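The structure appears below as structure tokens.
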Amino acid sequence: MLDELQETWAQLLPGYRPAKLVLFRGSIRSGCGAAGAQMGPFYCPADEKVYIDLSFYDQLRRRFGAPGDFAQAYVIAHEIGHHIQKLTGVEPEVRRLQRSRPGQANALSVRMELQADCLAGVWGHSTARRDILEAGDVEEALRAAAAIGDDAIQGRSGAVRPESFTHGSSEQRVSWFRRGMNGGDPNDCDSFAAGAR
């Protein structure tokens, strides 16, 4: 799946440089420092690797009610979306803005995460055009996107505080994945544009 995902981006993005995938359980040291299961999946721009703690997939299935191979593929595609952001200069620019405007750090993080969801959808569109998808695959990805929205996660453990969101609401995550999935064009993924939500 990772090879297929990266072949898609090599066609869509001139000069694409493949990311590496690291699977682990428990904790690991990345180019971005030590990481544990509580972090969930992440992309480290310093070493251009996607880190997936396999226990997250167990949680996605059992705790979040989002089982399925395409739900898992969506998670990896989202993290590869962060790799695309690094390669295109979005990620370093957002980090710079977060440092210079700390009061907007969470809002900028949400925009970056929603763009990664949209980029995951672009890959999903590519798989649909090549008849790789099975019945129910898109629904699996949408269920996963909804299950890991900030409001859904916060709602499970108490009060929902939108000002503390870092990844976007369930509705936003689903909407941006659908945008990429429906159009298949990375240019439609500008979550930073005025009026984007």
Would you pick out the residues in the stretch 29-55 that are modelled with pLDDT under 95 and of a type in the set (Ser, Thr, Tyr)? 55
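From the list 171, 93, 113, 140, which one is farther than 24 Å from residue 69 by Cβ and touching a residue at least 12 places away in the same chain (Cβ under 8 Å)?
On the way: 93 fails: touching a residue at least 12 places away in the same chain (Cβ under 8 Å); 113 fails: farther than 24 Å from residue 69 by Cβ; 140 fails: farther than 24 Å from residue 69 by Cβ.
Residue meeting the stated conditions: 171.
If we keep just the residues of the stretch 1-28 that are among the basic types (Lys, Arg) and at pLDDT 95 or above, which is nearest to residue 86 (Cα to Cα)?
We begin by selecting, within the stretch 1-28, every residue among the basic types (Lys, Arg); these are 17, 20, 25.
Still in the list and also at pLDDT 95 or above: 17, 20.
Details: 17: 10, 20: 14 Å.
It comes out as 17.
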Which of the following residues is within 13 Å of the chain's Cα centre (by Cα) and either at pLDDT 95 or above or hydroxyl-bearing (Ser, Thr, Tyr) (or both): 71, 77? 77
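Listed residues 29, 61; which is basic (Lys, Arg) and part of a strand (DSSP E or B)?
Values: 61 fails: part of a strand (DSSP E or B).
The unique qualifying residue is 29.
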Consider only pairs whose beta carbons are under 7 Å apart and that are at least six residues apart or on different chains; among these, list those whose first residue lies in the stretch 62-78 and is on the phi > 0 side of the Ramachandran plot and whose second residue is not hydroxyl-bearing (Ser, Thr, Tyr). 65/147; 68/140
How about the stretch 42-64: which of its residues are basic (Lys, Arg) and over 27 Å from residue 155 (Cα atoms)? 49
Hey, can you tell me all the residues within the stretch 32-56 that are assigned to a strand (DSSP E or B), over 16 Å from the mean Cα position of the chain (by Cα) and surrounded by 13 or more Cβ atoms within 10 Å (Cβ to Cβ)? 35
The correct count of residues that are of a type outside the set (Ser, Thr, Tyr), modelled with pLDDT of 90 or more and surrounded by fewer than 20 Cβ atoms within 10 Å (Cβ to Cβ) in the stretch 154-178 is 2
Only one of 116, 107, 37 that is touching a strand residue (DSSP E or B) at 6+ places or on another chain (Cβ under 7 Å) and under 20 Å from residue 165 (Cα atoms): 37
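The values are calculated or read from the model by the stated rules, or taken from the named source; none is laboratory data. Keep in mind it's a predicted model, so treat the numbers as computed, not measured. FYI the Cβ positions are ideal-geometry reconstructions off the backbone, even for glycines, and counts take in every protein chain you see.
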